[in-house]
Every structure is written in structure tokens, then in C-alpha cells.
Amino acid sequence: MRIPAKVRVGEVPDTRVVGPVSQTDIVRFAGAGGDFNPLHHDPEFVETSGFPGVIAMGQMQAGVLAGWVSDIFGVEHVRSFGVRFVAPVFLGDILTVGGTVATIAETDGESRANLDLVVSGTKGPVVTGSATVVVATT
């Protein structure tokens, strides 16, 4: 088991940059997750949808965000994780993944940090969320 990360309120752990998002990224995620909605792979269908192009599935960005949280804090220290999809991700978008330590409090004998999370795309936030992780007291 990894030692919990040492953080302070207001701290912004190193962000991660992902992309540009490619059709291959989307197809790989669709295959892994079984999401074959034509919005993610069929340009002719997308033309009828009102979107300007193929979009990545929101769970792909949520997965990238969950990976960032678990890489920074250790999956064994994650107590909660939730997301909200706020904008579509298109081919070519570059994603910046990160978060801010909002609060730290003692809960159930553990020091826990509440994180405000965000994945930003080329035009702004695409996913927001929150997580609670066990941290080391400083």
C-alpha cells in the first residue's frame, strides 16, 4: 500500500495533458467499454445529430480523470469519485486533467481531502467532478 499523499488546502497537484483526441482513441475506448453509439464513430450519422463532428464518449474523459486521481493519490486511498459531463469532446481536442484540494477534514479516523476536479478541452471545461481521498497529515 502506498503512503497517502501530503497536500494542503488550495494545492493543485500536477496536471496531465492528454491528446489530441483521435478517432483511434475513441474506437479503442468503444471496444473496451462496449459503447458503439454512432455519435462516436459514424460521420454521416453525426451530420444528422446537430454536432459539428464525431464526439468522444463522456466516460472516456471520466476514465482519464479517474486515472489521474488514482495515479496522484493511489486507488487504495480513493473514498469517493463523481463526475458531471458539461461539454462534448471532439476529434483533435487536447485535454488538461487536474484538480484542487478544496478541504481537508478528519472522517472515520482518516485525514481526507475533498478535491474539485476538472477536465478542460480546447474550448473550456468538458467534465467537472469531485473526489474524496485519504491524505497524510502534515
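Each value in this text was obtained by applying a stated rule to the coordinates, not by laboratory testing. Remember, it's a predicted structure, so these values are computed and weren't measured experimentally. Cβ: placed from backbone, ideal geometry, glycine included. Neighbour counts: every protein chain shown.
Would you mind putting 42-55, 68-81 in packing order, based on average other-beta-carbon counts within 10 Å, highest first? Present the calculation step by step, with values, prior to reporting the outcome.
On the way: 42-55: 12.9, 68-81: 16.9.
Top of the packing list down: 68-81, 42-55.
Pairing the Cα long axis of helix 23-33 with the longest principal axis of the chain, what angle in degrees results, from 0 to 90 and rounded to the nearest 10? So the inclination is approximately 70 degrees.
Determine, for each peptide in 3-9, 56-62, 120-126, 105-111, the mean count of other beta carbons within 10 angstrom over its residues, then list the peptides with the highest first.
Most protected by this proxy first, the peptides run 56-62, 120-126, 3-9, 105-111.
Rounded to the nearest 20, the Cβ-based charge dipole of the stretch 57-134 about its Cα centre (Lys and Arg +1, Asp and Glu -1) stands at 300 debye. A helix-only calculation puts the chain at -7000 deg cm²/dmol for mean residue ellipticity at 222 nm, using -39500 (n - 2.57) for each DSSP H run of at least four residues, averaged over all residues.
Computing Rg and the Kirkwood Rh from the Cα coordinates of the stretch 1-63 gives a ratio, Rg/Rh, of 1.18.
Helix 58-73: angle to the longest alpha-carbon principal axis of the chain, degrees 0 to 90, nearest 10? Helix 58-73 sits at roughly 20 degrees to that axis.
Note the per residue figure in Å³ for the convex hull of the C-alpha positions in the stretch 32-138.
Working: hull volume 12.0 nm³, N = 107.
Measuring per residue, one finds 112 Å³ for the Cα hull of the stretch 32-138.
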